[in-house]
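Single-structure report; data block below.
The values are calculated or read from the model by the stated rules, or taken from the named source; none is laboratory data. Since the model is a prediction, treat every value here as computed from it, not as a measurement. Heads up, the Cβs are rebuilt from the backbone with ideal geometry, glycines too, and the neighbour counts pull from every protein chain shown. Areas reflect the complete protein model, heavy atoms only, side chains present, ligands, DNA and RNA absent. Shrake-Rupley method; radii C 1.70, N 1.55, O 1.52, S 1.80 Å.
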Amino acid sequence: MNFEAIKVIYLTEMARTRRTIMQSIISPVISTVLYFVVFGAAIGSRISEVDGVSYGAFIVPGLIMLSLMTQSLSNASFGIYFPRFTGTIFEVLSAPVSFLEITVAYVGAAATKSILVGLIILITASFFVPLEIQHPVWMAAFFLLTAITFALLGFIIGIWADNFEKLQFVPLLIVTPLAFLGGSFYSINMLPEIWQKITLINPVVYLISGFRWSFYGQADVSLWLSLLATTIFLGGSLAVVHWIFKTGYRLKA
Amino acid sequence: MAPILSVRDLEKTYDGGFQALKSVSLDIQQGEVFALLGPNGAGKTTLISTICGLVRPTSGSIHVCGHDALSEYRAARQMIGLVPQEMPTAPFEMVGDTVAFSRGLFGMKPDPARIESILKDLTLWDKRNNPIMALSGGMKRRLLVAKALAHEPKILFLDEPTAGVDVELRHDMWRIVGELKNKGVTIILTTHYIEEAEEMADRVGVINKGEIILVEEKAELMRKLGRKLLSLSLTEPLSDIPGSLAHYDLKLEDEGRSLVYTYDTQADRTGITSLLTDLSQAGVRFHDLQTDQSSLEDIFVGLVSQG
Ligand SMILES: Nc1ncnc2c1ncn2[C@@H]1O[C@H](COP(=O)(O)OP(=O)(O)OP(=O)(O)O)[C@@H](O)[C@H]1O
Ligand SMILES: [Mg+2]
């Protein structure tokens, strides 16, 4: 293993965050607080409780998941797209670095950033509503799995995209809707029967459900199903990354 | 001695179906400076990129210090430093950091003293805390050399190191190459400037349309293909070359005021003595004469236009 290479790529990526601290950390926090005010305060005053949890507290896990997903995705996709765009990726590709090392470094850095953002949001939320975390270990597990899975997905998008439009396309047109429709702001039990069924094809439902369960012990789907779905998602992303490096797709002519 | 780099029957066909390399074989010896010459699109960058692992070969093999470039890519790449033709840099990174980054990529522990000496050699030490975007084009190119040297490679590829740089910088680059050669680094460079190959190279390879059409010691090449010209400034302009001189390779130039004789330096007899005798017999008088040796450039143009 070329640990030194993993280290320098990871640290360089983290240094980029420090240079762009506004976009990287502060803006997601502000937008989450806005969600919180709009959904929690305005709508929450009409919906008092969901499954025995106050609406304000109910949406916290969904909000954290939402930002965890979008942050992982955008950090990772940009992190690999930018060196491809400027051409500096040549250096990594001609160094004695394996695909696993490249992926660990870039995806690790992106996941670290989104986890930081997620934690900051969690802390911010605790000022607004009373929070409880019944299963901290599970919470940490879902937190990590989601951050890593979506960072992998972002990594794939960053390699696939050959222009800035494509780079924004998947997060904006696919992941954000899936996250919103995946029960960030409601329990899927609140939907009409037919929609409850349709919603189950949305992988994000399982992530949010499992994550919310770790907070309040309330879930839309069973915990093990959540875990299984998340793991399949992770495995699928890993397989695609492996294929990318094996074939040199979009990286090597 | 076994070559430090050995390329065998290397072929590359790009996805679009274009064949950029056709059965290229090449051996590079330790410590030499090898210049790869060829017109635009000849396949120089493709060849270098394939050796460095940026382009996947279609077939053939590459060995670097005996290590297969694909199956033992770590050992092979460890030996190689690459300065690409384009100058890709991350605009916001600091000069010093980016050189340290390059070293780390090759799995080597940080070595500030080493980085300092590399930056000083390339006169970038003063700029170590500046972002890359604050460098001039010439400094960027030196920075790319610094990055390529950060892991102390045995082989350095310079893909058109002096494309679009001014005369001073070009001489600067020649100096850097000379110093590296003295330190025992093997250097493979591509260039369009023949004078550059003439100046720096020990051996010259010519590539055209994906094929290596010639590899030769530079001195040998000059000698073998070198033609000399003897120009005679005539006292009286001539309208035609006299019939008695028809068997010489002669041309009239400058509206008949000068007579140019082309001869082969390789030949045992250059024919100059007999030409001069025949000239005076034909009553052609001259008041001055000079000789010219053809440069690599002439040789190169001759080769490529044949191909
Ligand atoms: N990624 C690619 N896909 C398809 N064709 C390519 C690709 N890269 C290069 N080529 C083609 O391969 C041929 C050789 O290109 P290459 O860049 O190796 O030439 P070169 O000798 O370096 O030229 P130059 O002196 O202009 O740098 C060209 O015809 C080019 O169009
Ligand atoms: Mg080129």
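The table for this structure:
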{"item": "Index of the failed condition, A:Leu172 passing every other in (1) open to solvent by less than 40 Å² (accessible area, probe 1.4 Å); (2) under 15 Å from the mean Cα position of the chain (by Cα); (3) of a type outside the set (Val, Ile, Thr)", "result": "(1)"}
{"item": "Condition broken by A:Ser237, with the remaining ones in (1) under 18 Å from the mean Cα position of the chain (by Cα); (2) open to solvent by 30 Å² or more (accessible area, probe 1.4 Å) satisfied", "result": "(2)"}
{"item": "Qualifying residue in region B:198-217 (condition: open to solvent by less than 30 Å² (accessible area, probe 1.4 Å), under 19 Å from B:Val99 (Cα atoms) and of a type outside the set (A, V, I, L, M, F, W, C))", "result": "no"}
{"item": "Pair list, Cβ < 8 Å and 6+ apart or interchain, from region A:239-253 residues that are basic (Lys, Arg) to residues that are open to solvent by less than 60 Å² (accessible area, probe 1.4 Å)", "result": "A:Arg250/A:Arg84; A:Arg250/A:Ile159; A:Arg250/A:Ile244; A:Lys252/A:Leu93; A:Lys252/B:Gly53; A:Lys252/B:Leu54; A:Lys252/B:Val55"}
{"item": "Yes/no for B:Ser239 being open to solvent by less than 80 Å² (accessible area, probe 1.4 Å) and either of a type in the set (S, T, N, Q) or without any contact (Cβ under 8 Å) to a residue 12 or more places away in the chain (or both)", "result": "no"}
{"item": "Filter pass, A:Tyr249 being crowded, with 20+ Cβ neighbours inside 10 Å and over 18 Å from the mean Cα position of the chain (by Cα)", "result": "no"}
{"item": "Residues satisfying the stated conditions in region A:14-25, i.e. within 12 Å of B:Phe92 (Cα to Cα) and either more than 13 Å from chain B (Cβ to nearest Cβ) or in contact with a Phe, Trp or Tyr (Cβ under 8 Å, 6 or more places away or on another chain) (or both)", "result": "A:Arg16, A:Arg19"}
{"item": "Which listed residue, of A:Gly62, A:Gly40, is modelled with pLDDT of 80 or more and either part of a helix (DSSP H, G or I) or away from chain B (no Cβ under 14 Å) (or both)", "result": "A:Gly62"}
{"item": "Inter-residue pairs, beta-carbon under 6 Å, first away from chain A (no Cβ under 14 Å) and within 11 Å of ligand 2 (Cβ to nearest atom) and in region B:156-172, second in a loop (DSSP other than H, G, I, E, B) and open to solvent by 30 Å² or more (accessible area, probe 1.4 Å), 6+ apart", "result": "B:Glu160/B:Gln85"}
{"item": "Enumerated strands (runs of 3 or more DSSP E) restricted to region B:26-91, each holding at least 1 residues that are touching a helix residue (DSSP H, G or I) at 6+ places or on another chain (Cβ under 9 Å), within 10 Å of another protein chain (Cβ to nearest Cβ) and open to solvent by 10 Å² or more (accessible area, probe 1.4 Å)", "result": "B:80-83"}
{"item": "Any hit, region A:49-69, residues being more than 30 Å from B:Arg103 (Cβ to Cβ), open to solvent by less than 50 Å² (accessible area, probe 1.4 Å) and touching a strand residue (DSSP E or B) at 6+ places or on another chain (Cβ under 6 Å)", "result": "yes"}
{"item": "Selected residue (criterion: farthest from B:His192 (Cα to Cα)) from residues of region B:37-53 that are of a type in the set (A, V, I, L, M, F, W, C) and at pLDDT below 95", "result": "B:Ala42"}
{"item": "Region B:92-123 - residue that is away from every other protein chain (no Cβ under 11 Å) and among the small types (Gly, Ala, Ser) and, of those, surrounded by the fewest Cβ atoms within 10 Å (Cβ to Cβ)", "result": "B:Ala113"}
{"item": "Looking only at region B:130-152, and only at residues there that are open to solvent by 10 Å² or more (accessible area, probe 1.4 Å), more than 16 Å from ligand 2 (Cβ to nearest atom) and within 28 Å of B:Arg74 (Cα to Cα), the one that is farthest from the other protein chains (Cβ to nearest Cβ)", "result": "B:Arg142"}
{"item": "Residues of region B:252-293 satisfying the condition of being assigned to a strand (DSSP E or B) and under 23 Å from B:Glu220 (Cα atoms)", "result": "B:Tyr261, B:Thr262, B:Tyr263, B:Asp264, B:Thr291, B:Asp292, B:Gln293"}
{"item": "The lone exception for B:Leu214 - which of (1) under 15 Å from B:Gln85 (Cβ atoms); (2) within 16 Å of ligand 1 (Cβ to nearest atom) it fails", "result": "(1)"}
